[in-house]
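*Asks:* One structure coming up, written as structure tokens, with questions to follow.
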Amino acid sequence: MKEELTRKFEERFHTAPVVYASAGRINLIGEHTDYNGGFVFPGAIDKVIMAAVAPNGTDRVRVFSVDINDYVEFGLDEADAPAQQWARYIFGVCREILKRGFTVKGFDAVFAGNIPLGAGLSSSAALESCFAFALNDMFNNNAIDKFELARIGQCTEHNYCGVNCGIMDQFASVMGKEGKLIRLDCRSMDYEYYPFAPEDYELVLLDSRVKHELVDSPYNKRRESCERVAARLGIDTLRDATMPMLNAIRSDISAEDYFRAKFVIEEKDRVLAVCDALNAGDYETVGRMMYETHRGLSQDYEVSCEELDFLNDVARDCGVTGSRIMGGGFGGCTINLVKKSLVDDFVKTAKDRFKEKYGHEPNVYPVVISDGARCVSR
Ligand code: GLA
């Protein structure tokens, strides 16, 4: 991809670029906990957005997206974001860097990626992180620290894309390390790398290839429920909530808000249980927690869908150790912790049964935990 991007860049802009990349992510456990000040357990994967970039000596940004075959130009002091969604991510990153008093000058870029879109693997976070990293390297001598690069991506989602997401995706995309998952405390932002290379198990992603575009931004609505309950409890985030606290206000809140908060309270404890289990090499417990997360996401948080519940059932039928919906929900992938000896059977059964029911096979991605944002030219 690097050579192809460099060639395309040189054909279009007639100078030599520097090439940067940032990664998509998986998350072992800890879903919808990031914006509640809880724990998450993501890692970067070997699927990336890559961009060839060079300053152009003007105050304009000129970007070509290879995958969409589309070109956008905007001025750095223009008030309005471009109409194309993909370009808004880049526009937002520029604005967020400038807002923080750092430098962005005019540049040219050509980018492409191999992160499946809509699969819940955070292609948008990878795009933001790739450009944030590139512009930090190119114009700021890397003066912006990596946490802030992740925040720049997150604020781009909030301020230019209408998604009030947490920090997990951008954090994993920027901070990922080969072979390591990261346990992140989203309140203190303390984090720890966990080697993840179980001898007898593999992580397998099954991409349902469905994405339910729902009106009313259901993601933001989940977040609002959590914030309402926290406010009612008089605490900053649900990180500080317990089930007895929640049960004490049950009659004052809607049933919907109650179940949303219940999921979050249970999920933050599951992340810690999974850490202990990993330390003890107890993958059966890790897997059990994953199934519990799926149940909670499906029934209490209501971010699953028929196809993902079906894939979860198939995993259970095949004796898969752990399985759950991954990411924000409403489509995308399940993440499965599978005994190596079962992988082939499971994948075949899941493909056959899914195709029989929904008319197409799920895509299968083996998980390779890899590095996050980086310069690939040097
Ligand atoms: C999306 C968001 C993340 C996180 C997950 C759910 O991926 O971008 O911040 O909330 O959903 O865990």
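The values are calculated or read from the model by the stated rules, or taken from the named source; none is laboratory data. A quick note: this is a predicted structure, and the numbers were derived from the prediction, not measured. All Cβ positions, glycine included, derive from the backbone under ideal geometry; neighbour counts span all protein chains shown. Ligands, DNA and RNA are excluded from the accessible area calculation, which covers all protein heavy atoms including side chains. Shrake-Rupley method; radii C 1.70, N 1.55, O 1.52, S 1.80 Å.
*Asks:* Taking amide H positions as placed in the peptide plane 1.01 Å from N, state which residues far from Gly176 in sequence (5 or more) or on other chains have amide H under 5 Å from it.
*Replies:* Amide H to amide H, under 5 Å and 5 or more residues apart or across chains, Gly176 pairs with Ala44, Gly372, Ala373.
*Asks:* Multiply the residue separation of Arg378 and Glu78 by 0.36 nm, subtract the distance between their alpha-carbon atoms, and state the gained length in nm to one decimal.
*Replies:* Gain on stretching Arg378 to Glu78: 104.7 nm.
*Asks:* Here's another thing I want to ask about it. Is there a quick way to get the dipole size of the chain? I mean about its Cα centre, with the Cβ of Lys and Arg at +1 and of Asp and Glu at -1; what is the value in debye to the nearest 20?
*Replies:* 360 debye
*Asks:* Still on this model: Roughly speaking, to the nearest percent, how much of the chain's 1.4 Å accessible area is carbon and sulfur?
*Replies:* 46 percent
*Asks:* Can you tell me the FRET efficiency between Lys340 and Thr285 if r is taken as the Cβ-Cβ distance and R0 is 22 Å, rounded to the nearest 0.05?
*Replies:* Between Lys340 and Thr285 the formula returns 0.75.
*Asks:* Putting +1 on Lys and Arg Cβ atoms and -1 on Asp and Glu Cβ atoms, find which of Gln84, Phe41, Pro218 reaches farthest to the positive end of the dipole of the chain.
*Replies:* Most positive-ward Cα: Gln84.
*Asks:* While we're on this one: Normalised by the residues of segment 90-213, what does the relative contact order come to in percent, with Cα pairs under 8 Å and at least six apart?
*Replies:* Relative CO of segment 90-213 lands at 24 percent.
*Asks:* Same structure, new question: At a 1.4 Å probe radius, which order do Met138, Met175 fall into by accessible area, largest first? Mind dumping the intermediate values first?
*Replies:* Numbers: Met138 45, Met175 15 Å².
Correct descending sequence by accessible area is Met138, Met175.
*Asks:* Just name one of Asn164, Asn279, Ala315: the one whose Cα is farthest towards the positive end of the charge dipole of the chain (beta-carbon charges, Lys/Arg +1, Asp/Glu -1).
*Replies:* Checking the options against the dipole of the chain, the answer is Asn164.
*Asks:* Can you tell me the 0 to 90 degree angle between the C-alpha axis of helix 255-279 and the longest principal axis of the chain, rounded to 10?
*Replies:* Relative to the chain, helix 255-279 is tipped by roughly 80 degrees.
*Asks:* I've got another one for you. By per-residue mean of other Cβ atoms within 10 Å, what is the highest-first order of 15-25, 356-366, 89-99?
*Replies:* The packing order, highest mean first, is 15-25, 89-99, 356-366.
*Asks:* If contacts are Cα pairs under 8 angstrom and at least 6 residues apart, what is the relative contact order of segment 220-378 in percent?
*Replies:* Over segment 220-378, the number comes to 13 percent.
*Asks:* So how many Å³ per residue does the convex hull of the Cα atoms of segment 115-167 work out to? Mind showing how you got there, number by number?
*Replies:* Working: hull volume 4.1 nm³, N = 53.
Spread over its residues, the Cα hull of segment 115-167 gives 78 Å³ apiece.
*Asks:* Please compute the contact order of the chain in relative form: average sequence separation of alpha-carbon pairs under 8 Å and at least six residues apart, divided by the residue count, as a percent.
*Replies:* Numbers: 784 pairs, mean separation 89.1, N = 378.
Normalised by residue count, the contact order of the chain is 24 percent.
*Asks:* Next question. Where the centroid of each part is defined by its Cα atoms, how far is segment 273-332 from segment 10-41 in Å?
*Replies:* Here the two parts' Cα centres lie 23 Å apart.
*Asks:* Let me ask something else. Report the charge-dipole magnitude of segment 249-309 in Debye, nearest 20, computed about the Cα centre from +1 at each Lys and Arg Cβ and -1 at each Asp and Glu Cβ.
*Replies:* 200 debye
*Asks:* Using +1 on the beta carbon of Lys and Arg, -1 on that of Asp and Glu, and nothing else charged, what's the dipole of segment 124-274 about the Cα centre, debye to 20?
*Replies:* 380 debye
*Asks:* Quick one: grab the alpha carbon gyration tensor of the chain, order the square roots of its eigenvalues as a ≥ b ≥ c, and give me rounded if a/c is under 1.5, else prolate or oblate depending on whether a/b is larger than b/c.
*Replies:* Values: a/c = 1.83, a/b = 1.40, b/c = 1.31.
In terms of gyration-tensor shape, prolate.
*Asks:* Can you give me the long-range amide H partners of Phe39? Hydrogens built in the peptide plane at 1.01 Å from N, cutoff under 5 Å, separation of 5 or more residues or another chain.
*Replies:* Under 5 Å from the amide H of Phe39 lie the amide H atoms of Cys186, each far enough along the sequence or on another chain.
*Asks:* Just give me a number: lysine pairs in segment 96-223, eight or more positions apart or cross-chain, with C-alpha atoms less than 23 Å apart.
*Replies:* 5
*Asks:* Going by a ≥ b ≥ c, the root eigenvalues of the Cα gyration tensor, does segment 115-237 fall in the rounded group (a/c under 1.5), the prolate group (a/b larger than b/c) or the oblate group?
*Replies:* rounded
*Asks:* Also: Among Val61, Met289, Tyr20, pick out the residue whose Cα is farthest towards the positive end of the charge dipole of the chain, where Lys and Arg carry +1 and Asp and Glu carry -1 on C-beta, about the Cα centre.
*Replies:* Farthest along the dipole direction, towards plus: Val61.
*Asks:* Still on this model: Please list, in chain and number order, the residues 5+ apart from Val376 or on another chain whose amide H is under 5 Å from its amide H, with Hs placed from the backbone.
*Replies:* Val19, Tyr20, Ala21
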